[in-house]
Amino acid sequence: MSGFQINLNPLKEPLGFIKVLEWIASIFAFATCGGFKGQTEIQVNCPPAITENKTVTATFGYPFRLNEASFQPPPGVNICDVNWKDYVLIGDYSSSAQFYVTFAVFVFLYCIAALLLYVGYTSLYLDSRKLPMIDFVVTLVATFLWLVSTSAWAKALTDIKIATGHNIIDELPPCKKKAVLCYFGSVTSMGSLNVSVMEFRYVAQTGVQWHDLGTLQPPPPGFK
């Protein structure tokens with residue numbers, strides 16, 4: 001068995017370069033989704049008792065169990081004689097979010113192991129018939145599950161945007177009372193979550209295509 005010897009040439013080839021991109025994409029994916037915190041705000045008044053709009057806020061984040069995110073009025077303020085803490089957002093998207101983040105962590109660890117093999121045991125990898133095939137099969141399976149988890153999370157993200165957007169006014173029981181006037185205020189931007197989904201999916205698709213070329217064809221001279 002060949003000893004560990006650093007050789008950076010594989011990183012210049014598609015096989016190694018795409019693995020680096022997958023590693024970076026996985027970090028961005030679980031960091032943005034797992035660390036996300038947001039809030040949605042509504043403005044409430046109930047004339048003539050309260051003519052000035054008061055802000056009621058619901059804070060949510062990973063793992064996106066929205067049905068546990070209760071509305072909170074300003075401290076010490078009674079808004080329209082409603083106990084806002086009894087009301088929550090609608091939906092539980094924790095399964096999709098946790099699957100997405102967990103698999104991103106798996107891809108992160110797998111990429112580290114694969115890069116260690118490419119860079120530290122280049123000769124062993126090239127001289128073996130089994131290692132490239134095992135690497136390819138694992139990459140193929142991982143890419144399929146990667147796309148499944150990304151698709152599930154993309155659907156959940158769309159539903160989260162709906163559940164925390166303008167529709168909450170129609171779903172809150174207090175806002176259906178004639179004496180209570182509710183207006184949608186704002187919701188935290190989810191742009192970083194959109195980017196992580198698109199990047200994760202694109203890198204996964206590109207990775208398996210380049211891995212197919214880099215593994216099953218004879219390696220270029222520069223790889224050795």
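The values are calculated or read from the model by the stated rules, or taken from the named source; none is laboratory data. Every value quoted in this text rests on a predicted model; they were computed, and no experiment measured them. Glycine also receives a Cβ, built like all others from the backbone with ideal geometry; neighbour counts cover every protein chain displayed. The area values use the complete protein model at the heavy-atom level, side chains included, leaving out ligands, DNA and RNA. Shrake-Rupley method; radii C 1.70, N 1.55, O 1.52, S 1.80 Å.
A few remarks follow.
- Look at the dipole of the chain built from charges on Cβ: of Asn45, Tyr118, Asn83, the Cα furthest out on the positive end belongs to Tyr118.
- Here's how it looks for Gln72: its modeled amide H is under 5 Å from those of Thr57, Ala58, which are all 5 or more places away or on a different chain.
- Stokes-Einstein D (µm²/s) once Rh is taken as the Kirkwood radius of segment 73-147 over alpha-carbon pairs, at 37 °C in 0.692 mPa s: 197 µm²/s
- Computed lengthening from Ile169 to Phe106, 0.36 nm per intervening residue step minus Cα-Cα distance: 18.8 nm
- For segment 16-211, a crude dipole built from +1 on the beta carbon of Lys and Arg and -1 on the beta carbon of Asp and Glu, taken about the Cα centre, is about 120 debye to the nearest 20.
- Segment 125-203 - accessible surface per residue (Å², probe 1.4 Å): 55 Å²
- As a ratio to 2.2 N^0.38 Å, the alpha-carbon radius of gyration for the chain is 1.43.
- Computed over protein heavy atoms with a 1.4 Å probe, the carbon and sulfur contribution to the accessible area of segment 7-131 reaches 59%.
- Remark: segment 29-135 is approximated by an ellipsoid whose semi-axes, taken from the C-alpha gyration tensor as √(5λ), come to 53, 12, 8 Å, largest first.
- Long-range amide H partners of Asn78 with built H, under 5 Å: none
- Distance violations [Cα-Cα > 19 Å] among Lys54/Lys176; Lys85/Lys155; Lys85/Lys177; Lys37/Lys161; Lys54/Lys161: Lys85/Lys155; Lys54/Lys161
- Whichever lysines have a C-alpha closer than 25 Å to that of Lys130, once near sequence neighbours (fewer than 8 apart) are set aside: Lys12, Lys19, Lys224
- By the Cβ distance rule (another cysteine Cβ under 4.7 Å), the unpaired cysteines of the chain are Cys33, Cys111.
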